[in-house]
Amino acid sequence: MPRCSLTPLCLPLPLRAWPSARVLLLAWLAPLVAAGSALADEQHTVHRFERQQLSDVYFSEGAHAGDLNGDGKLDVVYGPYWFEGPDFQVRREIYPPVPQDRERYANNFFSWVHDFNRDGAADVLVVGFPGTPAHVYENPGKQAADQHWRKHEVFDWVSNESPQWTNLVGDDRPELVCTRDGFFGFAVVDWDNPFTPWTFRPVSEQVTATRFGHGLGVGDVNGDGRLDILHAKGWYEQPERDADKSRWRSHDVSFSTAYGGAEMYAYDVDGDGDNDVITSLAAHDFGLAWYEQISDGGATTFKQHLIMGDHPSQNRYGVLFSELHSLNLVDVDGDGLKDIVTGKTFYSHHMQSPLWDAGAVVYWFRLVRGPDGVDWIPYQADDRAGIGRQLSVADVNADGRPDLVVGGMVGCHVLTQRAVVVDQATWSKAQPQPYQGPPAPSADGAEARRGPKAPIDAQTGRVADALEGESLKPQATAGQFRTQAMQAFQGDRWSGGEQLYWTGARPGDAMRLPLPDRTGSCDLEIVLTCARDYAIVQLALDDQPLGPPIDLYSTDVVTSGVLTFPGLTLKPGPHTLSVRVVGANPRAAKAYMVGLDYLRLRMAE
């Protein structure tokens with residue numbers, strides 16, 4: 001009789017010929033199958049990231065990985081240094097290191113590893129501050145490992161804050177996708193002489209920012225097999241031929257509710273066969289979304305699905321962070337679906353960005369498709385490394401799992417992924433829970449209320465009897481206060497030439513301003529500041545709302561004029577005026593700033 005085992009199951013005759021034996025066998029197997037199912041149910045995998053700091057000095061806004069010494073192991077490039085993998089304990093200089101000023105910006109923003117002259121030693125392409133040249137540092141080889149690398153200026157002007165080094169036009173060689181002098185396009189390398197100046201091929205008219213600009217990506221939007229160029233206001237369709245010699249067809253789509261984010265991707269998020277668009281919404285503020293491509297009768301539209309907004313309620317799991325200035329798309333957990341990797345570009349605009357000091361976090365959002373649609377489940381990969389303008393993904397330890405390489409204001413870090421099998425309880429504890437907190441404050445009914453100019457005395461430069469904003473001692477749930485001089489803004493005048501400036505707030509945050517201890521009827525006058533990055537606010541006196549929310553958005557920096565709230569009654573005791581941020585105009589940069597020029601109480605007697 002042949003030998004039998006459970007895997008594979010081996011019997012001398014088919015079960016249908018042995019009915020009683022079949023029943024007995026199934027009864028015997030049932031507990032084993034149940035036990036196996038129970039064991040499978042109890043074993044789960046969590047994906048953790050171990051942080052290794054390579055440097056705590058600010059040298060660059062990005063970092064990258066590649067094999068620089070030809071030993072078959074990935075090394076890390078960060079600014080003037082490269083670190084030998086796989087342990088990154090040996091550090092070598094590419095060029096003389098100069099620590100960068102954290103209160104300004106680095107002269108090195110992006111790095112990519114590529115063997116340009118095909119000598120077998122990978123070189124490093126560096127793109128600096130927007131509007132400055134790109135350089136290739138030529139690898140001197142193993143025999144000169146301790147020498148500085150020869151520097152070649154290869155392109156005179158790289159703009160947009162999310163350039164891409166990728167194979168765009170399908171010729172098996174990468175191009176540098178960027179903007180130059182207001183044109184979207186790409187720089188082409190002369191591969192016979194790669195260190196000579198590269199040639200820029202514009203694909204658009206002169207339509208974008210000449211130096212900076214946010215939101216840029218590469219992906220096949222229309223499914224024709226050719227990569228297109230995405231930007232915050234639409235996409236450029238690569239033609240079938242002569243892609244390097246012609247303007248590309250422009251498609252106008254709003255892929256941002258603000259000014260644009262970081263790297264953009266075309267990917268079939270919902271599995272319906274067409275590619276959608278994934279992007280952050282405002283590089284220095286809030287927002288992460290995917291735009292569902294919808295075709296109807298030959299017409300194509302894109303529907304926004306918000307993944308994370310500017311309030312915890314705008315993420316299914318209550319996750320909130322700002323400054324998503326870099327984005328990557330990769331299958332983190334090996335389930336066959338690509339996930340979003342991003343984080344906080346810590347201190348990207350110093351203390352100007354909302355939640356600028358809320359923590360240098362890195363997150364990955366796991367893509368899940370289910371009967372109820374698409375979900376992006378957030379997991380924190382790290383809470384200290386943060387990201388810069390470039391977040392690189394590489395398998396640094398060759399274990400088949402993607403790891404993260406980041407550089408920025410807090411230095412350079414490698415986040416190595418570990419897939420750990422855990423029990424049910426540990427796995428459940430690691431899962432984010434649905435948000436159950438308060439909803440986002442409402443800006444419904446907001447008015448762009450404006451009043452007459454303030455009666456500023458020509459000799460004193462102040463309004464008589466005013467409580468100057470800069471003299472008050474406010475308290476707030478978040479953010480920072482400082483006195484801001486306003487003489488440089490020519491569109492209006494401010495009492496005393498200064499204002500109380502509140503930054504770092506988000507919807508739901510409030511500041512409370514103490515008022516004099518008065519009793520009786522009065523009129524309250526207030527002058528606020530209006531600008532393109534200012535909030536919609538709700539005023540309240542002693543917790544009683546003063547009219548509808550006030551929209552402080554303006555294309556110019558001006559005052560609101562004198563806003564008067566008449567016939568108020570002050571009861572005995574201390575009084576407080578609160579200013580709560582409830583939102584922002586759709587056209588505003590979502591920085592939620594608030595400026596207060598002065599207050600004045602005009603008592604009835």
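The values are calculated or read from the model by the stated rules, or taken from the named source; none is laboratory data. It should be emphasised that the depicted structure is a prediction, and the values quoted were computed from it without experimental measurement. All Cβ positions, even for glycine, are placed from backbone atoms using ideal geometry, and neighbour counts span all protein chains on display. Side chains included, ligands, DNA and RNA excluded: accessible areas come from the protein's heavy atoms. Shrake-Rupley method; radii C 1.70, N 1.55, O 1.52, S 1.80 Å.
Observations
- Extension reserve of the R602-V420 stretch, reckoned as 0.36 nm per residue once the Cα distance is removed: 58.8 nm
- Backbone N atoms of segment 498-534 closer than 17 Å to the 7 Å Cα→Cβ label point of T576 belong to residues 508-518.
- With a Förster radius of 30 Å applied to the C-beta separation of D252 and T210, the computed FRET efficiency comes to 0.90.
- Measuring between their Cα centroids, segment 441-472 and segment 168-214 lie 48 Å from each other.
- Label point distance in nm, L546-T196, each placed 7 Å from Cα along Cα→Cβ: 6.9
- Peptides ranked, highest mean first, by Cβ atoms within 10 Å: ranges 436-443, 178-185: 178-185, 436-443
- FRET efficiency for T555 and V368, using Cβ-Cβ distance with R0 set to 41 Å, rounded to 0.05: 0.50
- Percent accessible area from carbon and sulfur atoms, the chain, protein chains only, probe 1.4 Å: 49
- Ligands, DNA and RNA aside, F49 has an accessible area near 30 Å² when probed at 1.4 Å.
- Extension gain, D523 to E240, is 95.0 nm, computed as 0.36 nm per intervening residue step minus the present C-alpha separation.
- Net length gained if the chain between D383 and Q352 were fully extended (0.36 nm per residue, minus Cα distance): 9.1 nm
- Euclidean distance between Cα centres, segment 82-118 to segment 241-293, Å: 30
- Hits among aspartates and glutamates - C-alpha to C-alpha of K338 under 17 Å, sequence gap 8 or more where chains match: D220, E263, D268, D270, D272, D274, D276, E292, D375, D395, D403
- Subset of K151/K245; K142/K344; K303/K429; K73/K429; K73/K344; K233/K344 violating a 25 Å alpha-carbon distance limit: K151/K245; K142/K344; K303/K429; K73/K429; K73/K344
- Local electrostatic count at F83 - Lys and Arg +1, Asp and Glu -1, tallied over other residues with Cβ under 10 Å: -1
- From the coordinates of this entry, mean projected area of the Cα convex hull in nm² is computed, and it appears in (1) 42.2; (2) 39.5; (3) 30.9 under the label (2).
- Estimated from the Cβ-Cβ distance and a Förster radius of 35 angstrom, the FRET efficiency linking Q53 and Q143 is about 0.70.
- Listed peptides 232-243, 310-321 appear in the order 310-321, 232-243 once ranked by packing, highest mean of other Cβ atoms within 10 Å at the front.
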